[in-house]
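Reading through the structure tokens given below for one structure.
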Amino acid sequence: MTNDNNSTGTHTDTATFANGCFWCTEAVFQQLAGVISVTSGYSGGHVPNPTYEQVCEKNTGHAEALQIIYDSTVISFDELLEVFWKTHDPTTLNRQGNDVGPQYRSVIFYHNNLQKEKAESYKSSLDKSGAWPNPIVTAIEAFTNFYPAEDYHQNYYKLNGKAPYCQYVIRPKLEKFEKAFKHKLKKQR
């Protein structure tokens, strides 16, 4: 799903990932140079336009996910995959840290065959490398739907950075991410 915008020299593309609580993962991907927008939402389920409460009831089939619009001339899908794999535990089924349930599962929702091939290749290489002591359980599924989450979930860390959850859960994850990926971060203004 590429959209070439020749007037600005950007080539936009879309990636859709689920790797735990979208409050945490949104804050990570928003910092990457080349990422134009990150929308928290729900993907992979069978209930149209679900609410957060419905997804938390664990019967919609949806995962908390991110829809990432990026400039492929600045950051590649491969680089987004690297951040995806390195910022969560892809070996825990339906769980990330204290967040438990199918809505927290690890999934790459591919938009085309090239994204599928790259995701499968990266996953296979990681499994063979022994990067984790347990097998990777991340699913790689065709993109079928994405529903933006309610407004209060969008830009959660940016708007609520002083909240206890942000300070004790998101901030340490961001600090670790910033050290590992400092060469890929947006320039501070």
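Potential lengthening of the chain between THR144 and LYS158 amounts to 2.2 nm, from the contour at 0.36 nm per residue minus the alpha-carbon distance. Sort GLU64, GLU57 so the one with the fewest other Cβ atoms within 10 Å of its own Cβ comes first. Ascending number of Cβ neighbours within 10 Å: GLU57, GLU64.
For GLU120 and ALA33, the difference between the fully extended length at 0.36 nm per residue and the C-alpha to C-alpha distance is 28.9 nm. Sorting 38-50, 89-101 by average packing, meaning the other beta carbons within 10 Å per residue, from highest down gives 38-50, 89-101. In the chain, what percentage of the DSSP-assigned beta bridges are antiparallel, given to the nearest 5? Here the share of antiparallel DSSP bridges comes out near 85 percent.
So, counting K/R as plus one and D/E as minus one, what does the shell of residues with Cβ under 15 Å around TYR152 add up to?
Working: positive: LYS158; negative: GLU26, GLU53, GLU64, GLU150, ASP151.
Here the charged neighbours net out to -4.
So what's the back-of-envelope 222 nm ellipticity for the chain, counting only DSSP H runs of four-plus at -39500 (n - 2.57) apiece and dividing by all residues, rounded to 500? Please list the in-between numbers first.
Values: 6 runs with 55 residues, N = 189.
So the calculated ellipticity at 222 nm is -8500 deg cm²/dmol.
Panel order for THR144, THR60, by other beta carbons found within 10 Å of each beta carbon, from fewest to most: THR144, THR60.
Read-outs: derived from the displayed coordinates by stated rules, not from any lab. Predicted model, so just to flag it, every value in this text is computed and none were measured. Glycine gets a Cβ as well: all are built from the backbone with ideal geometry, and neighbour counts include every protein chain shown.
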